Amino acid sequence: MLRFASRKPDYLPSHFYNIKPDLPEMPKPPLNPQTKEVLKPEDLEAIFPKGFVQQIVSMEREIPIPGEVLDALSVFRPTPLIYASALRKHLGTPAHIFFKYEGVSPTGSHKTNTALMQAYLAAQEGIHTLSTETGAGQWGSSLAYAGSRFGVKADIYMVRSSFRQKPGRRIMMELFGGTVTESPSDTTESGRKFLAKDADHPGSLGMAIAEAVEIAVKNPAVKYSLGSVLDSVLLHQTIIGLEAKRQMDELGADPDIIIGCVGGGSNFAGISFPFVRQKIRDGKNIRFLAVEPDCCPTLTRGDLRYDYGDSVGYTPLLFMHTLGMDFVPPPIHAGGLRYHGMAPLVSHLVHLGIVEPRALSQEKVFDAAELFLRTEGILPAPESSHAIAAAVEEALLAKKENLEKVILFNLSGHGFLDITAYNGNSGRGKA
């Protein structure tokens with residue numbers, strides 16, 4: 001069996017891809033949380049660096065990647081595109097399965113791509129501290145690392161359930177110089193309100209976002225940084241799909257199905273958006289699967305409407321699939337997918353029928369993760385395992401129909417620091 005690991009320096013793109021100019025119609029714009037009117041760029045500058053805001057509203061198809069950021073990205077990019085020959089053999093499928101492995105980044109996650117860009121933009125404006133939230137810890141680790149590269153401190157609010165489940169992530173953030181606070185906390189007005197209702201609250205991304213935004217709103221020396229959802233974050237992640245497209249082209253493989261897990265939507269957008277352009281502009285027959293936990297079914301059971309991105313009402317109102325700002329998912333191990341909302345651009349593509357949402361159980365996801373470890377030798381993050389589970393489903397369907405499909409999924413991070421999540425789940429990967 002063939003096994004490819006295609007990785008060449010010239011695969012590193014010089015520009016990010018902005019999908020908005022290629023959309024057949026634009027999604028509804030964000031609204032000011034106070035006036036409920038269409039948000040102006042200057043409204044966002046109260047909490048975000050100006051350069052970041054400019055990228056949110058940009059309608060340029062290509063956004064240049066600054067040289068300093070390219071240098072930082074080149075430490076680990078391009079990331080490998082790997083042919084999952086052992087998984088294919090185990091499944092006995094005629095489908096060809098490829099995965100883009102983002103776990104080789106310094107923090108083991110795709111989140112480093114946008115973290116480096118955001119820390120650079122903050123440093124360029126003389127901002128010394130960025131506040132943020134983190135679920136499972138991949139985003140917090142990435143921003144702390146990026147901050148150490150560009151001289152920006154990361155002040156991180158980590159969802160309580162993950163803070164306690166994943167001490168390794170907290171240690172990594174602190175080693176990079178970040179400050180990590182369990183959320184909800186008593187350091188903010190928002191956190192104290194949640195604790196007053198339930199002292200043992202497991203927390204949520206919406207709550208952690210509220211605390212991080214409050215810090216930025218009340219301290220002019222601090223700006224806020226977000227690891228998913230917003231257009232500019234998805235823009236930064238397209239470096240994944242741009243590389244994958246060049247790597248797939250070299251191998252002469254055109255994907256029929258592209259898969260990513262979704263919480264806020266950044267890694268799915270990263271792998272898929274450059275290929276979505278082919279579907280929109282060139283009529284390519286590609287399916288796109290966005291996979292979420294069935295206990296936090298934002299795309300499959302949420303409403304498409306305006307809602308706040310946090311649990312208090314500090315953030316702009318976004319037109320997105322949402323379970324409601326007050327929704328608190330159970331403390332599953334895939335902490336990065338425990339979010340009540342979804343990136344407006346991903347929500348819009350689902351609305352247009354370009355992206356298919358799918359919700360999977362944690363049991364099925366852990367089965368797929370163990371199978372992947374035993375066949376491909378990589379322990380995936382619980383979040384990424386949702387994409388693996390869907391890839392296995394599609395590969396088995398291709399076997400049943402005897403179709404030689406080409407499947408590409410994004411392995412958005414490794415699970416080495418999530419190892420305790422697998423305790424008690426061994427011996428299950430029997431797909």
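Each reported figure results from applying straightforward, stated rules to the coordinates on display, with no laboratory input. Here the structure is a predicted model, which means the values were calculated and not measured. Counting neighbours? That spans all protein chains shown, and the Cβs are built from the backbone with ideal geometry, glycine included.
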Worksheet, complete the sentence: 1/(1 + (r/R0)^6) with r = Cβ-Cβ of K218 and D10, R0 = 51 Å, i.e. FRET efficiency to nearest 0.05, evaluates to 0.65
Worksheet item: What is the sum of charges around S190, taking Lys and Arg as +1, Asp and Glu as -1, for the other residues whose C-beta is under 9 Å from the C-beta of S190?
Response: -2
Discussion item. Taking θ = phi - 60°, what integer Hz values does the Karplus form 6.51 cos²θ - 1.76 cosθ + 1.60 yield along region 281-290, in sequence order, with x for Gly and Pro?
Written reply: 8, 10, x, 4, 8, 10, 9, 10, 10, 9
Worksheet item: R305 to E250: extension gain in nm, 0.36 nm per residue of separation minus the Cα-Cα distance?
Response: 15.7 nm
Item to complete: Evaluate the relative contact order of the chain (contact order divided by residue number), counting alpha-carbon pairs under 8 angstrom at least 6 apart; express in whole percent.
Response: 20 percent
Worksheet item: Around H15, which amide H atoms from residues at least 5 apart in sequence, or from another chain, sit under 5 Å from its own amide H, with H modelled in the peptide plane?
Response: I65
Worksheet item: Roughly what percent of Cα-Cα pairs across region 205-256 reach past 17 Å?
Response: 58 percent
Worksheet entry | Formal net charge of residues neighbouring E125 (Cβ-Cβ distance under 9 Å; K, R +1; D, E -1) | +2
Worksheet item: How many Lys pairs in region 80-181 lie less than 25 angstrom apart by Cα atoms, where the lysines are 8 or more positions apart or on different chains?
Response: 6
Discussion item. Quick one: the Cα spread of region 1-155 along its three principal axes, in angstroms, biggest first?
Written reply: 59, 40, 31
Fill in: Alpha-carbon Debye profile of region 342-418, log10 I(q)/I(0) at 0.14, 0.23 Å⁻¹
-0.54, -1.12
Practice prompt. Output the relative contact order of region 42-142, whole-number percent, from Cα pairs under 8 angstrom with separation of 6+ residues.
Written response: 26 percent
Worksheet entry | Backbone N under 20 Å from the T35 label point (7 Å along Cα→Cβ), restricted to region 188-232 | 217
Practice prompt. Compute the whole-percent fraction of alpha carbon pairs in region 274-400 spaced more than 19 Å apart.
Written response: 55 percent
Item to complete: Convert each backbone phi in region 57-70 into a coupling constant with the Karplus relation 6.51 cos²θ - 1.76 cosθ + 1.60 (shift: θ = phi - 60°), then list the ³J(HN,Hα) values in order as whole Hz, x for Gly and Pro.
Response: 8, 4, 10, 6, 5, 10, 10, x, 9, x, x, 5, 6, 4
Response to the item:
What the Cα atoms of region 224-329 span along the principal axes, largest first and in whole Å, is 49, 29, 23
Worksheet item: What are the residues whose amide H is under 5 Å from the amide H of Y157, where those residues sit 5 or more places off or on another chain and H is modelled from the backbone?
Response: T132, E133, T134, T181
Discussion item. For E62, what residues show an amide H to amide H distance below 5 Å, using hydrogens built from the backbone and excluding near sequence neighbours?
Written reply: N18
Discussion item. I want to check the label-to-label distance for K400 and E45. Put each point 7 Å from Cα in the C-beta direction and report it in nm to one decimal.
Written reply: 5.6 nm
Worksheet item: Within straight cross-link reach of K50, meaning Cα distance under 15 Å, which aspartates and glutamates are found once same-chain residues fewer than 8 apart are removed?
Response: E42, E125, D231
Discussion item. Just to be sure I understand: with springs between alpha-carbon atoms less than 10 Å apart, which residue in A115, A398, A212 has the highest mean-square fluctuation in the Gaussian network model of the chain?
Written reply: A398
Worksheet item: What percent does the relative contact order of region 190-293 come to when contacts are Cα pairs within less than 8 Å and at least six residues apart?
Response: 23 percent
Fill in: In nm, spacing of pseudo-spin labels at V57 and A86 (7 Å Cα→C-beta vector)
5.1 nm
